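Shown next, in structure tokens, is the structure this report addresses.
The values are calculated or read from the model by the stated rules, or taken from the named source; none is laboratory data. Bear in mind the structure is a predicted one, so any value in this text is a computation, not a measurement. Note: ideal-geometry Cβ built from the backbone for every residue, glycine included; neighbour counts use all protein chains shown.
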Amino acid sequence: MVEIAKSFKWDYVNTLADEGNYGERGIGKFEEIAKQSGVCVSRSLKIPRSVNDTTFINLIHELLKSNNTAKAVVMFVNEDNCWRILQAMKKLNKTGEFSILASDSWGAKVHPVLHQEEVAEGAVTLLPKRRVITDFDNYFRNLTVYNNNQRNPWFREYWEDIFNCSLTNQPKKRRCTGSESLWSSEVNYKQEGLVQFVIDSVYALAQGVHDMLAYDCPGTHRNFSRCLKNRPLAGEELLRFIRNVNINGSNGDPVVFDANGDGIRNYDVFQFQRLPSGIYEYVRIGEGIFTGNFSLTLNETALNWDKIPRSICSDPCTFGQAKKQNGGCCWMCVPCQENEYLQDENTCVACPIDARPNVNKTECQKLPEFHLEPSSLWFILPVAFSGFGILCTGAVLVIFIHYNKTPVIMACGRELCYLLLLGIFLSYGTSFVMLAKPSVIMCALRRLGLGVSLCFIYAALLTKTNRIYRIFNSGIKAMVKRPGYTSPKSQILICICIVSVQVIGGLTWLGFEKPSTVKIYEQNDYIVLKCKSSQIATIMSLSYNIFLIVLCTVYAFKTRKIPQNFNEAKYIAFTMYSTCIVWLAFITIYFGANHDFKIEIISLCMCVSISATTALFCLFAPKVYIVLLQPHKNVRQAASTSIQSANNKNNSRSYGVTLALPLPSGIIVQNGTVHKEVVQTDNAVFSDSMEDTSSCDEGVAMQVPTVNDINSS
């Protein structure tokens, strides 16, 4: 019965037994084996010896209590009480509320289900294996009350009941004629199921007596008789011999007993079913065989259940839930944590830091390393932008080289322009380094490339704006003596010195903090692979460039009112104003990204690329436009062009009311304007170029203050 419950996955059942030897011993043994097998008992109820209809009603109510989740009832109950239990269920209209597993006292008998077939449907019962004993049928059906079975007092009652007659003169009942026969077709004769076991019991008893006498009184028949007279039979001794019997029974199976004196039998398993014809019948659904070990075989296809009823204390836990035991067979389902998997049905275990549980939480899976893939929009957008910028930078470089000897190119300070183009190119290239899969080499290039590329741009711009400021701030003195360190060679040297500070700082940073990669485990479904560097360290590496941007912006602001011909200073000013806005936006986005590495990288790439684009288009587009589309403007202006001071409006210095001071050689005054006498137009004035043939500075010739400007000042 325990094996059947386990086969049906009933791990939580009720038990119901009669008071007395059969019921209490049977259910006690069941509960003992059930406990060892992991089957728990919810309610263990007993039927008292003295009962009435209320007794069974109360038993059903007890089984139906709301806190009882066990729906299977294991019964060791005599057949009469089985019938009354079914009757109580029928009265309470509780058909189908329970799944019944009954012992061999119910077996395949008609009486327990008589007139209760609908309620009993589905009940599973046991019966020791049996077969019809044909010899017994022949013997029994030849018995009559008239000649060969008068010694059995119950046979007369049986005869009167079968033939509905009276062997005595009873009123209202016909008298038996004596011609009745148990072979008659009117008799619904069916061999009782226990006949085989009665026969086997008689044989076992006889064999036990024989073995005991053979043991106690060996020898000839004469000696045996004398021994038997001198040694009366002892009941306990006879029982010992009976328990050791091993004979073949009437059906061919061995008849043996266990240590407790119980017969070891093979069993058939039945289910009470309603057949398609509408008839109720016991259908064999399996068997239990004892051959040293017990073996249960069930044919589940023979069951009349669509699905086996459940009788459990707790519902099974779903994926990712561990059982927290609450008693032997009851539990609560506790979900595993997000990073835990179910090691067994009772234990959640955390996955390693580089792994996460699978969907069903049955095992840990290694997290994939994530970096920006080339197919990602986060990768495509900055790469496309930088690629376009590199093409434009290359085009400008080709144009500058091709038109290298023309006045516009020569007058713009070619050497610094080439350094500026180098910085712009490196800035665009930095995006590719930033977006590449992190490695030690790439991390080192990121640290150096980011700062150095920008430094080339702003070092060149700072050198340009500083030179313009110093020239125009010197006023008329610039005509007498060139300000210091304004020659092309000096400008390149200054620019390189400024850049070298950034290079040395970057190398020092690499020395103190070796470049390396780091895995970030903040995400749930992947590992972020990135270069090991903090936000603060990145900002510190850019701080020098921010300082250069501030200086460039200050100089651009101071030179905003220089003469119209010096419009490159205004382009530089616009470039710096735009750059400041871009970098302010970058700092806000970078620190507000909440450590989202995609936003951090993309914002940094776009900021550098936009800064480079601003410098490229603001500073080089006007020159390319003139060279390609307005070549008539790409000529030298006369060297005698007046040089007007850029600070003639707001200069607080006093040059005197008249030009009474002596003028240098070559300086003349005509119509109130100071002029420099130039003999040859090919001579340089303040050329930004290292070529001696350039006659222009920052694109055009300079003008010095007029006398009226000086007087008004």
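Looking for something of a type in the set (Phe, Trp, Tyr), under 25 Å from residue 278 (Cα atoms), at pLDDT 90 or above and not in a helix (DSSP H, G or I) - is there at least one such residue anywhere in the range 105-127? Yes, because at least one residue in the range 105-127 is of a type in the set (Phe, Trp, Tyr), under 25 Å from residue 278 (Cα atoms), at pLDDT 90 or above and not in a helix (DSSP H, G or I). In the range 503-527, the residue that is surrounded by the most Cβ atoms within 10 Å (Cβ to Cβ) out of those that are at pLDDT 80 or above and within 20 Å of the chain's Cα centre (by Cα) is 527.
Looking only at residues of the range 239-256 that are touching a helix residue (DSSP H, G or I) at 6+ places or on another chain (Cβ under 7 Å) and surrounded by 16 or more Cβ atoms within 10 Å (Cβ to Cβ), we find that the one that is farthest from residue 204 (Cα to Cα) is 251.
Would you tally the residues in the range 531-557 being modelled with pLDDT of 80 or more and of a type outside the set (Phe, Trp, Tyr)? Of the residues in that region, 13 qualify. Among residues of the range 295-323 that are under 17 Å from residue 69 (Cβ atoms), those with a Cβ under 8 angstrom from a residue that is assigned to a strand (DSSP E or B) and of a type in the set (Ser, Thr, Tyr), sequence gap 6+ or separate chain, pair up as 309/99; 311/12; 311/99; 312/12; 313/12; 313/42.
Checking the structure you have, find out if any residue of the range 299-322 is of a type in the set (Ser, Thr, Tyr), modelled with pLDDT of 85 or more, within 25 Å of residue 367 (Cα to Cα) and outside any strand (DSSP E or B). Scanning the range 299-322, I find at least one residue that is of a type in the set (Ser, Thr, Tyr), modelled with pLDDT of 85 or more, within 25 Å of residue 367 (Cα to Cα) and outside any strand (DSSP E or B), so the answer is yes.
The helices (runs of 4 or more DSSP H) found entirely in the range 182-274 that carry 3 or more residues being modelled with pLDDT of 80 or more and within 24 Å of residue 124 (Cα to Cα) are 195-216. For the range 137-175, the set of residues classified as of a type in the set (Val, Ile, Thr) and in a helix (DSSP H, G or I) consists of 162 only. Restricted to the range 363-404, and to residues there that are touching a residue at least 24 places away in the same chain (Cβ under 8 Å) and not in a helix (DSSP H, G or I), the residue that is nearest to residue 425 (Cα to Cα) is 403.
Among the residues of the range 368-412, just one is in contact with a helix residue (DSSP H, G or I) (Cβ under 8 Å, 6 or more places away or on another chain), closer than 23 Å to residue 530 by Cβ and among the polar types (S, T, N, Q), namely 386. If you go through the range 66-92 and keep only what is touching a Lys or Arg at 6+ places or on another chain (Cβ under 8 Å) and over 14 Å from residue 44 (Cβ atoms), you end up with 71, 79.
Anything in the range 257-281 that is out of contact with any helix residue (DSSP H, G or I) (no Cβ under 9 Å at 6 or more places or on another chain), of a type in the set (Ser, Thr, Tyr) and either touching a residue at least 24 places away in the same chain (Cβ under 8 Å) or closer than 23 Å to residue 136 by Cα (or both)? List them, or say none. Selection gives 267 alone. Scanning the range 33-44 for residues that are within 27 Å of residue 299 (Cβ to Cβ) and surrounded by fewer than 15 Cβ atoms within 10 Å (Cβ to Cβ) returns 33, 36, 37, 38. The set of residues in the range 397-413 that are surrounded by 17 or more Cβ atoms within 10 Å (Cβ to Cβ) and over 60 Å from the mean Cα position of the chain (by Cα) comprises 403, 406, 407, 408, 409, 410, 411, 412, 413. Taken over the range 1-32, the residue count meeting the criterion of being more than 41 Å from the chain's Cα centre (by Cα), surrounded by 13 or more Cβ atoms within 10 Å (Cβ to Cβ), farther than 17 Å from residue 89 by Cα and not small (Gly, Ala, Ser) is 10. Can we say residue 71 is within 17 Å of residue 2 (Cα to Cα), of a type outside the set (Asp, Glu) and buried (at least 17 other Cβ atoms within 10 Å of the Cβ)? Judged against the criteria, residue 71 is a match.
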